[in-house]
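To start, the structure itself, in structure tokens.
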Amino acid sequence: MTSYALEHADVMRLALAEAVLAPVHGDVPVGAVVLDEQGVPVGRGHNDREGSGDPTGHAEVLAIRQAAAARGAWRLDGCTLVVTLEPCTMCAGAIVLSRLSKVVYGAIDPKAGAAGSLWDVLRDRRLNSRPEVVSGVLAQECGQLLTEFFRER
């Protein structure tokens, strides 16, 4: 792991702690945390589509909603989203529209990832907001959680 990734490892562990809450309701174990400019968590979320019956109940969307409520504003400039799995296109759209400054993710998602693997919505030059993207932080741990979940299914 690079030194750059090491500085994000502790926060990724917070996202992993969120991820383990998702399977309680039958959801895929993905967790997310939004940090403010000082590195303080202002939003957290884990997948809750099955539990809530909400198709937008992805960890990233829930963490972004909570962060926006905590800040009292939809613009999350200066904030960082840390998530255990590469965001999908819906979540990438929410990231761009909320103006997050940085996205840090763990495992890649070759089937639905929109931060560099299948698509690269987050770095699309045609969009007005493009966050910095850091990938592969604790990727093995993040991926193992998903592998175990699907193996049990």
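Taking Lys and Arg as +1 and Asp and Glu as -1, the other residues whose beta-carbon sits under 9 Å from that of Val133 total +1.
Can you give the alpha-carbon Rg of the chain over 2.2 N^0.38 Å, where N counts its residues?
Against the compact-globule rule of thumb, the ratio is 0.94.
When both bridge partners sit in the chain, DSSP labels roughly 55% of those beta bridges antiparallel. Would you mind checking segment 75-98 for residues with the amide N under 12 Å from a putative spin-label position 7 Å along Cα→C-beta of Leu127? Counting backbone N atoms under 12 Å from the label point, the list is 87-98.
For the set His25, His8, solvent exposure ranked by accessible area (probe 1.4 Å, protein chains only) runs largest to smallest as His25, His8.
Near Val83, once Lys and Arg are set to +1 and Asp and Glu to -1 for all other residues with Cβ below 10 Å from its Cβ, the sum equals -3. Seen from Ala68, the other residues with C-beta closer than 11 Å to its C-beta sum to a net charge of +4, counting Lys and Arg as +1 and Asp and Glu as -1. For segment 50-125, the C-alpha radius of gyration divided by 2.2 N^0.38 Å, with N the number of residues, is 1.06. Annotation: per residue accessible area for the chain equals 50 Å², rounded to a whole number [probe 1.4 Å, protein chains only].
The values are calculated or read from the model by the stated rules, or taken from the named source; none is laboratory data. Computed from a prediction, not measured in an experiment: that's the story for all the values here. Reconstructed Cβ throughout: ideal geometry from the backbone, glycine too, with neighbour counts over all protein chains shown. Ligands, DNA and RNA are stripped out before the accessible areas are found, and what is left, the full protein with its side chains, is counted by its heavy atoms. Shrake-Rupley method; radii C 1.70, N 1.55, O 1.52, S 1.80 Å.
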